[in-house]
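Asks: Below are the structure tokens for one structure; questions will follow.
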Amino acid sequence: MKEEACPIVENRNIRKNYFLMKLKSDYVSTHARAGNFIMLAASKTTEPLLKRPFGILRVKPPFFCIYYEIVGKGTELISSLKPDDTVNIVGPLGNSFPPIDNKNILVVGGGRGIAPIYYAIEDYTSVPSNNVFLIYGARSKDDLNLLEEIETLSLKKIFLFTDDGSKGKKGFVTTDIREIIDEHNIDVTVSCGPDAMFETLFHALKGMGTENYVSMEALMGCGFGICHSCVVKTVTGDYKKVCTDGPVFRLEEIAWEQ
Ligand SMILES: Cc1cc2nc3c(=O)[nH]c(=O)nc-3n(C[C@H](O)[C@H](O)[C@H](O)COP(=O)(O)OP(=O)(O)OC[C@H]3O[C@@H](n4cnc5c(N)ncnc54)[C@H](O)[C@@H]3O)c2cc1C
Ligand code: FES
């Protein structure tokens, strides 16, 4: 992990309130692994005070990209940054998705959760002995971003779902997941999305016999273990920090029903 001022190469509005930012950093682009995140300062002033966490979408040294959605003040400010501006970042942070080979893997991305999933797909499809399948879901077709890039990756099959049925099948990423797992003999699932998706996933995957990993979001103050703002309760009753123990956890490790 390193703090540095990174030049912005591109900060492009993909559509609606979704943006793709390309940054230059020798350090992050050569040290990051799929699942890692960065903390990024939304402005050079103390308003907002805290840096914001973003998953790493992909790396191509000396560059790396993040994909983000405007949800509040910080992301609004970040969206106004221009090429050649510099931003303060800390990273890469957190743990990463486990290395997997010789398995049938189902990756699941819900909404902006596609960011770390994209990196995981690149990683897992680069191992020839893996067969990688994707379930990608969002509110509507205009929220299913990065699809063109995703279609160029070596996925065995892509299953699309939208809440309103405007693209793919009407439903959630969990709607057909049991059938997809059965049909394609899935060994491992790797997911990122909102907590509500994980709760449904937790129930949907019960008894399926798959090994399940999730990349979680939480409110983060520091990003490296100091402030305790990101803790989640585990099934043992202990708390873990999403920033340093995660963001990747075994699905069954987290106390979804409280
Ligand atoms: C490890 C990690 C990786 C992330 N990766 C991405 C990513 O790749 N792309 C992306 O768009 N976002 C990602 N996020 C979420 C992103 O950090 C928040 O959306 C952002 O910090 C919001 O800042 P803001 O100032 O715009 O919103 P705020 O004004 O701080 O908040 C606006 C609203 O969003 C909610 N919110 C803020 N932060 C979070 C959060 N972490 N989880 C759930 N709700 C939140 C607030 O409760 C509030 O309702 C990630 C979060 C974590 C912890
Ligand atoms: S964000 Fe500060 S401890 Fe996790």
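Asks: I need to check one value: relative contact order of region 42-180, counting alpha carbon pairs closer than 8 Å and at least 6 residues apart, in percent.
Replies: Over region 42-180, the number comes to 18 percent.
Asks: Top mean-square fluctuation among His31, His184, His203, Gaussian network model of the chain, C-alpha springs under 10 Å?
Replies: His203
Asks: Within region 104-201, report the trypsin sites (Lys or Arg not before Pro) that DSSP leaves as loop and that have at most 11 other Cβ atoms within 10 Å.
Replies: Listed in order of number, the matching sites amount to none.
Asks: If you project the alpha carbons of region 104-253 onto the principal axes, what extent comes out on each, in Å, largest first?
Replies: Principal-axis extents of region 104-253 (Cα, largest first): 41, 33, 29 Å.
Asks: Where the only charges are on Cβ atoms (+1 Lys, Arg; -1 Asp, Glu), what is the dipole of the chain about its Cα centre, to the nearest 20 debye?
Replies: 480
Asks: Any idea what % of Cα-Cα pairs in region 2-93 are farther than 23 Å?
Replies: Value for region 2-93 (Cα pairs over 23 Å): 13 percent.
Asks: For region 8-23 and region 87-122, what is the separation of their Cα centres, given in Å?
Replies: Using only Cα atoms, the two centres lie 19 Å from each other.
Asks: Do any trypsin sites (Lys or Arg not before Pro) in region 26-77 lie in a loop, going by DSSP, with at most 16 other beta-carbon atoms within 10 Å of their beta carbon, and if so which?
Replies: Answer by residue number: Arg33, Lys44.
Asks: For the pairs Lys2/Lys73; Lys73/Lys241; Lys22/Lys60; Lys73/Lys240; Lys2/Lys60; Lys2/Lys22, note any where the Cα-Cα span goes beyond 21 Å.
Replies: Table pairs above 21 Å Cα-Cα are Lys2/Lys73; Lys73/Lys241; Lys73/Lys240.
Asks: Please report the antiparallel percentage of the DSSP beta bridges confined to the chain, to the nearest 5.
Replies: Antiparallel bridges: around 60 percent, rounded to the nearest 5.
Asks: Of the heavy-atom accessible surface of region 2-93 (probe 1.4 angstrom), what whole percent is carbon and sulfur?
Replies: The C+S portion of the solvent-accessible surface of region 2-93 is 53 percent.
Asks: Taking only protein heavy atoms and a 1.4 Å probe, what accessible area per residue, in Å², does region 38-79 have with all protein chains in place?
Replies: 46
Asks: Under the definition of Cα pairs under 8 Å and six or more residues apart, what whole-number percent is the relative contact order of the chain?
Replies: Once divided by the residue count of the chain, the mean separation gives 17 percent.
Asks: What base-10 log of the normalised intensity I(q)/I(0) is obtained for region 1-56 from the Debye formula, alpha carbons as equal point scatterers, at q = 0.27 Å⁻¹?
Replies: -1.34
Asks: If I histogram all Cα-Cα distances within region 61-163 using bins 5 Å wide from 0, what percent of pairs lands in each bin?
Replies: The calculated distribution, bin by bin, is 2, 10, 19, 20, 18, 15, 10, 5, 1.
Asks: Which angle between 0 and 90 degrees, to the nearest 10, do you get for helix 114-125 versus the longest principal axis of the chain when only C-alpha atoms count?
Replies: 60
Asks: Under a cut-off of 21 Å between alpha-carbon atoms, report the lysines in cross-link reach of Lys170, not counting same-chain residues fewer than 8 places apart.
Replies: Lys16, Lys141, Lys157
Asks: If you scale each eigenvalue of the Cα gyration tensor by 5 and take the root, what three semi-axes come out for the chain, rounded to whole angstrom and sorted largest first?
Replies: That gives 28, 21, 18 Å for the three semi-axes.
Asks: Mean-square fluctuation check for the chain, GNM, Cα pairs under 10 Å: which of Leu20, Leu153, Leu134 is largest?
Replies: Sorting by GNM fluctuation, first place goes to Leu153.
Asks: So what is the orientation-averaged projected area of region 139-228, using the convex hull of its C-alpha atoms, in nm²?
Replies: Computing the convex hull of the Cα atoms and averaging its projections yields 7.7 nm².
Asks: Can you tell me the relative contact order of region 104-253? Whole percent, Cα pairs under 8 Å, sequence separation 6 or more.
Replies: Relative contact order comes out at 21 percent.
The values are calculated or read from the model by the stated rules, or taken from the named source; none is laboratory data. Not measured: the values here are computed from a predicted model. Heads up, the Cβs are rebuilt from the backbone with ideal geometry, glycines too, and the neighbour counts pull from every protein chain shown. These accessible areas exclude ligands, DNA and RNA; they are computed on the full protein's heavy atoms, side chains included. Shrake-Rupley method; radii C 1.70, N 1.55, O 1.52, S 1.80 Å.
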